[in-house]
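Inspection log for the structure reproduced underneath, given as structure tokens.
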4 protein chains.
Amino acid sequence: MIIIMEPDATEEQIQRVADKMENHGFRLVFNRGDVMTVIAAIGDKRLIEPQSIASYEGVREVKLIQEPFKLASRESQKTDSVIDLGRGVKIGNGERPVVMAGPCSVEDNQEGFLRVAHAVKESGAEILRGGAFKPRTSPYEFQGLEEEGLKYLAQAREETGLLIVTEVMDSVDVEMVADYADIVQIGARNMQNFKLLKAVGKIDKPVLLKRGPSATIREFLLAAEHIMYAGNRNVILCERGIKGFDSTYARNTLDIAAVPIIRKYSHLPVIIDPSHATGRRYLVAPMAKAGLIAGAHGLMIEVHHDPDKAYSDGAQSLTIEQYQKVMKEINELIDKFIIPTSK
Amino acid sequence: MIIIMEPDATEEQIQRVADKMENHGFRLVFNRGDVMTVIAAIGDKRLIEPQSIASYEGVREVKLIQEPFKLASRESQKTDSVIDLGRGVKIGNGERPVVMAGPCSVEDNQEGFLRVAHAVKESGAEILRGGAFKPRTSPYEFQGLEEEGLKYLAQAREETGLLIVTEVMDSVDVEMVADYADIVQIGARNMQNFKLLKAVGKIDKPVLLKRGPSATIREFLLAAEHIMYAGNRNVILCERGIKGFDSTYARNTLDIAAVPIIRKYSHLPVIIDPSHATGRRYLVAPMAKAGLIAGAHGLMIEVHHDPDKAYSDGAQSLTIEQYQKVMKEINELIDKFIIPTSK
Amino acid sequence: MIIIMEPDATEEQIQRVADKMENHGFRLVFNRGDVMTVIAAIGDKRLIEPQSIASYEGVREVKLIQEPFKLASRESQKTDSVIDLGRGVKIGNGERPVVMAGPCSVEDNQEGFLRVAHAVKESGAEILRGGAFKPRTSPYEFQGLEEEGLKYLAQAREETGLLIVTEVMDSVDVEMVADYADIVQIGARNMQNFKLLKAVGKIDKPVLLKRGPSATIREFLLAAEHIMYAGNRNVILCERGIKGFDSTYARNTLDIAAVPIIRKYSHLPVIIDPSHATGRRYLVAPMAKAGLIAGAHGLMIEVHHDPDKAYSDGAQSLTIEQYQKVMKEINELIDKFIIPTSK
Amino acid sequence: MIIIMEPDATEEQIQRVADKMENHGFRLVFNRGDVMTVIAAIGDKRLIEPQSIASYEGVREVKLIQEPFKLASRESQKTDSVIDLGRGVKIGNGERPVVMAGPCSVEDNQEGFLRVAHAVKESGAEILRGGAFKPRTSPYEFQGLEEEGLKYLAQAREETGLLIVTEVMDSVDVEMVADYADIVQIGARNMQNFKLLKAVGKIDKPVLLKRGPSATIREFLLAAEHIMYAGNRNVILCERGIKGFDSTYARNTLDIAAVPIIRKYSHLPVIIDPSHATGRRYLVAPMAKAGLIAGAHGLMIEVHHDPDKAYSDGAQSLTIEQYQKVMKEINELIDKFIIPTSK
């Protein structure tokens, strides 16, 4: 920790800060410059809150040197995490990128849903997505089929052999969702629902954690840290677009650079969701490919048997035919370029 | 709803959209221009999701005419809501602005907490704040005293006669928190935790809803709508700073214009939290006064008996002496200018 | 400057950085921690670019300790700058806040313009604003009357005794504009037009510098530094709204906290433009008052004799009657609260 | 144009709006709903400013239907623009992506610069970049060699056969820069320097227009429209990162989705600058490849013979060796995937 004192800080103020730090076991090095004094404090920063130092009179600023996340950090684990999702599917560096596809929400029309599930299977994707619990901005919109939706998912898994990923929105539902799902998803709007993070930290299923729309990468990795600290090391990160100043042509800004950044600072696998990020069908294929080539370990894509009748997010869902075309492009990229060059 | 077709939309595509809208009971007016066709659809937009129309082939864009929130809207209720908080304290237009003050979190040192509570009472503030459940970005930081903290709050209320506002983070804790608190707070990071919004929509205590750091005003009012739709009409909104591109000198950007905007579009009371918004002590007084003069119905301010030792957010907490000075300025502004000119 | 080395930086890499810094006259203090080495370099940071150090192999990050602006900084000048604008009008701490008002652009209708000028004079404002050169997002919009507009401004000054502020957009026009104007304005979109900053740095008229819509406060003060470094110390800063993620209800986010922040870090006067910031008439009065109470040294307000017919920005312009009402509120706030409490 | 009236708009207010629109030659269609009246106005929106309508009493909102740019729009020109840059190099759909590479600024060390130029040539890139006029946030940083730098560029062209792209910052320098350069660049901070846009609109060299850090895509295309409207149709757009809320790990957010969006709405070629966007060497290769696969028609990459000694932006510049490695990856992607699949 670097503590920068104000130019007019008194000797007494400097001493007060020094005492506090030493009491917490830090070793101090003083740099007394012409303009101001800077104290470098070497020790375990988790023993003290930087803000509590920043509040001392005479302190201008406190700067961190180490990242505040630990279990999720590349420093604590040099090798990439590869997570076993079941049925032979693995996600992480060295594995073929994993595709999760399906409708935004599981709906009444079970036959249509199964049609999508079979198309997902045939396209070479490994995981079926579909929301049974749906976070909706407005209370007047479809909120999901809840447990009935989970049953539809389970049945689709049985019929197709796909794995299942679905969202949980509340800590009370974690056990139930984990009973049905192979991967439990935390939605973007719950990325800092810490009670929920703690709850999924106690299950033995992998967790797909979506980045909050205004979360910094550090906050995102700290949310993963909450889950890992509670006991579950199998966290998959998902970049799904951040809020920007321009939502005229795309809903959010897909932050593709987050992929190589996360891969540098963390050992966890990271995927891209081009459907929610852009909210536009024609952007799904180029953004999916851009994400993969930037190093993403997988994709999450929306497809619906009849997007015009979808209860949610129809505008960004591909039809089955469009999905098949997009998957052909994606598989071509993976087979011809990503796998050969990653060797 | 205004449906704008692509310039090259076919007659068949236009007809398909028209059929869907008419099936949902909308009355249509067609504008066939030189460049493109525009369909104005008059009806209850809650019967159809705009996005499901936007996904039709040949549709360029769907624009809403009416705001999607209803119970929270000025259109549904012309007169300002004035909420009775208990013990004779009311919040809303025409009432003296209400001040909620106290430490960020309730801590072990009960004696220090009571010292703050008495200072809050003496300053003329009506409500004591203090977190028993603390949402923390990092799992290594203090997470709150939980029920023990609620007991400290209740005792402070008994000793001082102040009302109590405190945060609830999880739907399972709503009943317990509502038993202790006079006002139940939803934190900014839970603004779109819809299960929690629904849960506080079923209690009979007023809810203080904080704006999410990247929530638009529309999303903010829709979050209030979730609570109101579940049954609880007593929602107080709190602007506490939004994420911006510059966090060097202040943590967030306090969006003071949100106050007059919300007052135009909604009948709900709205307050300002200058402490969390700025994260800097010297900005609390100017931002508090700016918020009040822009029309805020109240303030939330952090004060701690010993900020240097605070478990959380010490840097933005005022000392008791600083708080007393700030409150003197605030009361002067209210007495000399806000109350006289609001008559 | 604080140079933080990577945890795995080699001794050779550390030495290379040290050599470079010492060659530039810096005195170094080494902190060798368990995790990484941190070098504190004391010296004149203007002698070396931090980025050139950041690019060395083995360097994780370079952190500045001192602000990069100097002439504009509070450290270089403790007392507030008070700028003499002519005709007895001064702007800065201790002076009555100055109001600049007038139409967005000077238009053909000279009679209407003079009507506004007289209303501005009668309201107690000191300065008439009006654009002769207009930066317009689209080439199909009115671009200003150019020199003819400057003549209209000069004539209005003669008739009313008001001072004149108007924008210059190109370095070639600086002399001409400075001949007519009492204050030369740099628009938000030109805040980093460095050739233009340099050009106005060489005139002897005060400069009103508007903050760019995505400029950090540091970049804003560095833009002022460009002008001051070129020779002109009379810079007035103007906060006029920054770009945010929500432009539904207001064009930009007025960053009122920038006022007390700038006053802490700089000695230059700072004003608020609530008209451009919000783009909505009903927000002008509350935001103007909020800015003043937060410490602004002045205001810039748009008023037009017939906003429905304005060539630009009609939606945010007040009518003369609305303006008179807003000015009554503003003068009341200044007389009853701001002047008494600032003593 | 869609004009949405307030729910309580009077018949007289509606009539006033209607009169104004009809006077400007618009044909009107009225939708009188239960809640409010909506007027659809069919006509040439360039004849009236939407904001001037928005300012009428009783008007809630004015929504545009057509994009405000015309010459730059896909509607005005269906086929992609392919721009001839000279020496047989073309940029645009169907052509091999063009690479522009070189140091951020042209510096004193001419020998080093020529070394870079030869490396650029050998890598297969077609264009040499290098700034002779440098926009710098601080006045204390290197501002460029000006005309001397242009001469160095010209000499490097002579020696290598590469084309030259370099920035012009002020309208007075446009002719001189155009004399030396093959492509004239407008920097991000000058994207809305309309006098400069107009000036480069009058030369016969192609213009590379960089997106402003907070410019929406619409504003970006309108800036191109300024150049085209002034007479120069050869505009190349460059996405170089937008300002976001997280600059910890990358300087800006590279908005890769802007590439397919621009390609949908405009016929102009668009390239990506991963060096300025990210400010980090290790992000250049993944972001360059992601941009290409999303459809970019070219790249701009920084390379320096000795980044540690660069006068500007060293941290993001590749060494010659790193550049060669990155170009190998890029050429492999182009040859193996982009060219084969674009057929």
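The values are calculated or read from the model by the stated rules, or taken from the named source; none is laboratory data. Since the structure is predicted, the reported quantities are computational estimates derived from the model, not experimental observations. For neighbour counting, all protein chains shown are included, and Cβ atoms are generated from backbone atoms with ideal geometry for every residue, glycine included.
Being touching a Leu at 6+ places or on another chain (Cβ under 8 Å), assigned by TED's automatic domain parsing to the domain that holds D:Ile301 and polar (S, T, N, Q) is the requirement here; does D:Thr278 meet it?
Working: touching a Leu at 6+ places or on another chain (Cβ under 8 Å): yes; assigned by TED's automatic domain parsing to the domain that holds D:Ile301: yes; polar (S, T, N, Q): yes.
For D:Thr278, the condition - touching a Leu at 6+ places or on another chain (Cβ under 8 Å), assigned by TED's automatic domain parsing to the domain that holds D:Ile301 and polar (S, T, N, Q) - is met.
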Q. Does region D:207-218 contain at least one residue that is away from chain C (no Cβ under 14 Å), in contact (Cβ under 8 Å) with a residue 12 or more places away in the chain, surrounded by 24 or more Cβ atoms within 10 Å (Cβ to Cβ) and of a type outside the set (A, V, I, L, M, F, W, C)?
A. no
Q) Given the residues D:Thr253, D:Thr248, which is the only one that is assigned by TED's automatic domain parsing to the domain that holds D:Leu292, crowded, with 24+ Cβ neighbours inside 10 Å and touching a Lys or Arg at 6+ places or on another chain (Cβ under 8 Å)? A) D:Thr253
Q: For region D:86-110, enumerate the residues that are touching a Pro at 6+ places or on another chain (Cβ under 6 Å) and at negative phi.
A: D:Ile91
Q: Please verify whether region A:105-117 includes one or more residues that are crowded, with 20+ Cβ neighbours inside 10 Å, among the acidic types (Asp, Glu), more than 9 Å from every other protein chain (Cβ to nearest Cβ) and more than 19 Å from the chain's Cα centre (by Cα).
A: yes
Q: Just one of (1) without any contact (Cβ under 8 Å) to a residue 12 or more places away in the chain; (2) out of contact with any strand residue (DSSP E or B) (no Cβ under 6 Å at 6 or more places or on another chain); (3) not aromatic (Phe, Trp, Tyr) trips up A:Gly244, so point out which.
A: (2)
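Suppose the filter is at pLDDT 95 or above and buried (at least 18 other Cβ atoms within 10 Å of the Cβ); does A:Gly144 pass it? It would help to see each step written out before you state the result.
Working: at pLDDT 95 or above: no; buried (at least 18 other Cβ atoms within 10 Å of the Cβ): yes.
Answer is no for this residue.
Among the residues of region A:118-146, how many are within 12 Å of chain B (Cβ to nearest Cβ) and among the acidic types (Asp, Glu)?
As a first pass, look at region A:118-146 and keep what is within 12 Å of chain B (Cβ to nearest Cβ): A:133-144, A:146.
Now narrow it down to the ones that are among the acidic types (Asp, Glu): A:141, A:146.
Residues that pass the stated criteria total 2.
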Q: May I ask you to verify whether B:Ala156 is in contact with a strand residue (DSSP E or B) (Cβ under 8 Å, 6 or more places away or on another chain) and within 25 Å of B:Ile261 (Cβ to Cβ)?
A: no
Q) Across region C:259-282, what is the total count of residues that are hydrophobic (A, V, I, L, M, F, W, C) and under 30 Å from D:Val62 (Cβ atoms)? A) 3
Q. Across region C:167-185, which residue is nearest to C:Arg240 (Cα to Cα) among those that are touching a residue at least 40 places away in the same chain (Cβ under 8 Å) and aliphatic (A, V, I, L, M)?
A. C:Ile183
Q. Do we find that C:Thr137 is among the hydroxyl-bearing types (Ser, Thr, Tyr), surrounded by fewer than 22 Cβ atoms within 10 Å (Cβ to Cβ) and without any contact (Cβ under 8 Å) to a residue 60 or more places away in the chain in this structure?
A. yes
Q: Return only the number of the condition from (1) crowded, with 17+ Cβ neighbours inside 10 Å; (2) at pLDDT below 80; (3) under 17 Å from A:Ile4 (Cβ atoms); (4) within 14 Å of chain D (Cβ to nearest Cβ) that C:Ile4 does not satisfy.
A: (2)
Q.
When you check A:Leu268 against the structure, is it touching a Phe, Trp or Tyr at 6+ places or on another chain (Cβ under 6 Å), under 22 Å from A:Glu95 (Cβ atoms) and crowded, with 24+ Cβ neighbours inside 10 Å, yes or no?
A. no
Q: Read through the list (1) out of contact with any helix residue (DSSP H, G or I) (no Cβ under 7 Å at 6 or more places or on another chain); (2) surrounded by 24 or more Cβ atoms within 10 Å (Cβ to Cβ); (3) among the acidic types (Asp, Glu), then give the number of the only condition that D:Asp204 fails.
A: (2)
Q) Quick one: how many residues across region A:75-103 are free of Cβ contacts under 8 Å to residues at least 12 places away in the same chain and either surrounded by 19 or more Cβ atoms within 10 Å (Cβ to Cβ) or facing chain B (nearest Cβ under 9 Å) (or both)? A) 0
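Kindly evaluate D:Arg27 against the criterion of being surrounded by fewer than 20 Cβ atoms within 10 Å (Cβ to Cβ), at pLDDT below 80, more than 20 Å from B:Glu61 (Cα to Cα) and out of contact with any Phe, Trp or Tyr (no Cβ under 6 Å at 6 or more places or on another chain). Working first, answer last.
Details: surrounded by fewer than 20 Cβ atoms within 10 Å (Cβ to Cβ): yes; at pLDDT below 80: no; more than 20 Å from B:Glu61 (Cα to Cα): yes; out of contact with any Phe, Trp or Tyr (no Cβ under 6 Å at 6 or more places or on another chain): yes.
Answer is no for this residue.
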Q. Name the pairs: first residue in region A:56-74 and within 12 Å of chain B (Cβ to nearest Cβ) and closer than 16 Å to B:Pro307 by Cα, second residue among the basic types (Lys, Arg) and outside any strand (DSSP E or B), Cβ to Cβ under 7 Å, at least 6 apart or on different chains?
A. A:Tyr56/A:Arg16
Q. Limited to region D:286-311, what total is found for residues that are closer than 23 Å to A:Leu333 by Cβ and either in contact (Cβ under 8 Å) with a residue 60 or more places away in the chain or over 20 Å from the mean Cα position of the chain (by Cα) (or both)?
A. 7
Q. Hey, A:Leu237 hits all of (1) within 27 Å of A:Gly94 (Cα to Cα); (2) at pLDDT below 95 but one; which does it fall short on?
A. (2)
Q: For region C:223-239, name all the residues that are assigned to a loop (DSSP other than H, G, I, E, B) and either surrounded by 24 or more Cβ atoms within 10 Å (Cβ to Cβ) or out of contact with any helix residue (DSSP H, G or I) (no Cβ under 6 Å at 6 or more places or on another chain) (or both).
A: C:Gly231, C:Asn232, C:Arg233, C:Asn234
